[in-house]
Amino acid sequence: MVNYLISEAIGDIACPMAYAYYKKMPSTLVYQAMKKLPDWMVEVNEMFDEVMESKRISL
């Protein structure tokens, strides 16, 4: 059980880091993940994306 929790924690850390680095996720992966979420979580995610897009700056 401990190994499972460690692996899950590594995934929890690595996935957002990869997303921040690559700036894009395959649409099929996003679709599969989003369809598993309850509607309220999808709505929160969409609102978050809108806010972040409006604050995006070019470097």
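The values are calculated or read from the model by the stated rules, or taken from the named source; none is laboratory data. Every value quoted in this text rests on a predicted model; they were computed, and no experiment measured them. With ligands, DNA and RNA removed, areas are computed over all heavy atoms of the protein, side chains included. Shrake-Rupley method; radii C 1.70, N 1.55, O 1.52, S 1.80 Å.
Taking the solvent-accessible surface of protein heavy atoms with a 1.4 Å probe, what is the per residue accessible area of the chain in Å²?
Counting only protein heavy atoms, the per-residue value for the chain is 100 Å².
Quickly estimate the mean residue ellipticity at 222 nm for the chain, helices only: each DSSP H run with n ≥ 4 gives -39500 (n - 2.57), and the total goes over all residues, rounded to 500.
Counting only the DSSP helices, I get -25000 deg cm²/dmol.
Shape call for the chain from the C-alpha gyration tensor, a ≥ b ≥ c root eigenvalues: rounded (a/c under 1.5), prolate (a/b greater than b/c) or oblate?
It is oblate, given that a/c is not under 1.5 and a/b is not larger than b/c.
Angle check, please: helix 2-22 long axis (alpha carbons) against the longest principal axis of the chain (alpha carbons), in degrees 0 to 90, nearest 10.
The answer is roughly 20 degrees.
Working from Cα positions, state the angle (0 to 90°, nearest 10) between the long axis of helix 39-54 and the longest principal axis of the chain.
Around 50 degrees separate the two axes.
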